[in-house]
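Below is one structure, written out as structure tokens, with a few remarks after it.
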Amino acid sequence: MTKEEVQGVMEEEQQAQSKKALKKQQKEAEKAAKKAEKQAKLAAEQQSTEEDDFAKDRYGVSAMVQSQQKLDRTLVRVQDLTPEKADQLIWLRARVHTSRAKGKQCFLVLRQQQFNVQALVAVGDRASKQMVKFAANITKESIVDVEALVRKVEQKIESCSQQEVELHIERIFVISQAEPRLPLQLEDAVRPDGEGEEEGRATVNQDTKLDNRVIDLRTTTSQAIFRLQSGVCQLFRDTLTRKGFVEIQTPKIISAASEGGANVFTVSYFKTSAYLAQSPQLYKQMCICADFDKVFCVGPVFRAEDSNTHRHLTEFVGLDIEMAFNYHYHEVIDSITDTMVQIFKGLRDNFQTEIQTVNKQFPSEPFKFLEPTLRLEYTEAVAMLREAGVEMGDEDDLSTPNEKLLGRLVKEKYDTDFYVLDKYPLAVRPFYTMPDPNNPKYSNSYDMFMRGEEILSGAQRVHDAQLLTERAIHHQIDLEKIKAYIDSFRYGAPPHGGGGIGLERVCMLYLGLHNVRQTSMFPRDPKRLTP
């Protein structure tokens, strides 16, 4: 090909390319013109809408609350929305639980803790089309302030706790907006286990719930569980205070393992090591030796047990009791069982709403107890189990399956979910347990059970330094490590006993739940350290 021919070909290519470029430019110019036209149209529409939107000051996203002003405004609680408030104009702050737009109206369910109410925004003289659209687009779980008229409804709203009224919204402002994508849906988290599978709807597994605990704690079930748990603590404190007990606080960083065992967490303590307390045992007893007579404490207990069961946690709340008695350790048992009965009665009489709420998701039989509390001796329990076909020795400890079986046998025979098992074999109890004076194989110790699971372990303690030393040597415990403990009993110590209760376990078993993590707000187990 000659030089001229090559040049001619190149010129043709350049012309073709410039044509292409020209076409591309034209296309882009057309595109830009269309876009500009569209934007102008939208802006014009928006302007006319804004001009037409007579309700534009009645809704919107509020400025962040930074305590700029003090508003003289009373907010009504959702649980107080009853027919008595009909036709009143009220202000209320709640979360948007669900929203459903339908034509010229939008239905919202507004939630506050375990209570919720239906609300309606409808196009009319108080709400514009734009206001309805705004309400429909508020993300679930956002917090809103609404001004609304309370209206009685003719037909009960079954899906809400406030069934006899609904709210007709006149103003709605978003106080805090939730992100559009939630890690879990609240309605899935409260769905009873079997129900979701049948209808092909989702349920949420326990790990997902615990990983997103802040959202999970908002569910009606979680709200009810932890309000009831708060009630257990309150009833425990009130009952014991009435009985003349003093609440004490004990150290959680200690120099030697409180139970003398290996299941302790070691923490670095300056140039040495210390341990997290497995129980307030030592200090409760020291307070008795210091003439406090009757004491209790509520606080964390740490157990370094690698147990991944439904009822074990590495940190739980201990409700501990210790008291001096006059002549027989059954005085202690009677005091503790009466405290438990007062708690059960208080829950039954004052927490029915919470119990029913939990029952919707986790159905269970109402908790039964007797007055006075049933007390069985260990030998009777062994006899009952043997009669049911269990092979076990007189001095064997109860395994978990045998505890549960015994619970069922006791329920069948005595119709109670709560009972005491007294006189445990000495061999299966800690070194500080008082031996039975009539039979050295047994001890003055007891466990208490709810629905066939142990919730309290207790005993008369050895209050004589000499006997305590002998028992510690028998258990091969280093006397040097428990010197301060043994020394407490050298200067006169009254006979005393007590026990420790696991708060989370009591709540789990009272409500008939199947996992202690459900009753621990932020549970700690061998596999979980967060959130």
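The values are calculated or read from the model by the stated rules, or taken from the named source; none is laboratory data. All of these numbers come straight from a predicted model, not from anything done at the bench. Neighbour counts are summed over all protein chains in view; Cβ atoms, including those assigned to glycine, are modelled from backbone coordinates with ideal geometry. Remember, those area values only see protein heavy atoms, side chains included, never the ligands or the DNA or RNA. Shrake-Rupley method; radii C 1.70, N 1.55, O 1.52, S 1.80 Å.
See the values below:
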| read-out | value |
| --- | --- |
| Accessible surface, per residue, of segment 362-434 when the full set of protein chains is kept, probe 1.4 Å, Å² | 50 Å² |
| Size of charge dipole - segment 241-382 - debye, nearest 20, with Cβ of Lys, Arg +1 and Asp, Glu -1, no other charges | 380 debye |
| Reported label for calculated Cα Rg over 2.2 N^0.38 Å given (i) 1.42; (ii) 1.23; (iii) 0.97 | (i) |
| Segment 159-195 and segment 349-389: distance between their alpha carbon centers, rounded to Å | 35 Å |
| Magnitude of the charge dipole, the chain, Cβ model with Lys/Arg +1 and Asp/Glu -1, debye to 20 | 1940 debye |
| Stretch gain in nm, segment Q352-K56, where the contour uses 0.36 nm per residue and the Cα spacing is subtracted | 102.2 nm |
| Å² of accessible area per residue within segment 210-293, as computed with a 1.4 Å probe and no ligands counted | 48 Å² |
| Local electrostatic count at E395 - Lys and Arg +1, Asp and Glu -1, tallied over other residues with Cβ under 13 Å | -1 |
| Contour excess over end-to-end distance, with Cα ends at K411 and N438 and 0.36 nm allotted per residue | 6.7 nm |
| Helix 352-361 axis, angle to the chain major axis (alpha carbon atoms, nearest 10°) | 70 degrees |
| Segment 35-184, accessible area per residue, ligands and nucleic acids excluded (1.4 Å, Å²) | 62 Å² |
| Helix 330-350 axis, angle to the chain major axis (alpha carbon atoms, nearest 10°) | 30 degrees |
| Share of carbon and sulfur in the accessible heavy-atom surface of the chain [1.4 Å probe, %] | 49 percent |
| Extended-chain gain in nm, criterion 0.36 nm per residue less alpha-carbon gap, L182 and D211 | 9.2 nm |
| Candidate lysines - alpha carbon under 26 Å from K34, same-chain residues fewer than 8 apart omitted | K19, K20, K23, K24 |
| Distance (nanometres) between label positions extended 7 Å along Cα→Cβ at K102 and H475 | 6.7 nm |
| Subset of K209/K284; K102/K156; K70/K129; K31/K129; K56/K156; K368/K404 violating a 26 Å alpha-carbon distance limit | K209/K284; K70/K129; K31/K129; K56/K156 |
| Cα long-axis angle, helix 3-52 against the chain (0 to 90 degrees, to the nearest 10) | 70 degrees |
| Spacing of the two label points (7 Å from each Cα toward its C-beta) at K27 and N515, in nm | 5.6 nm |
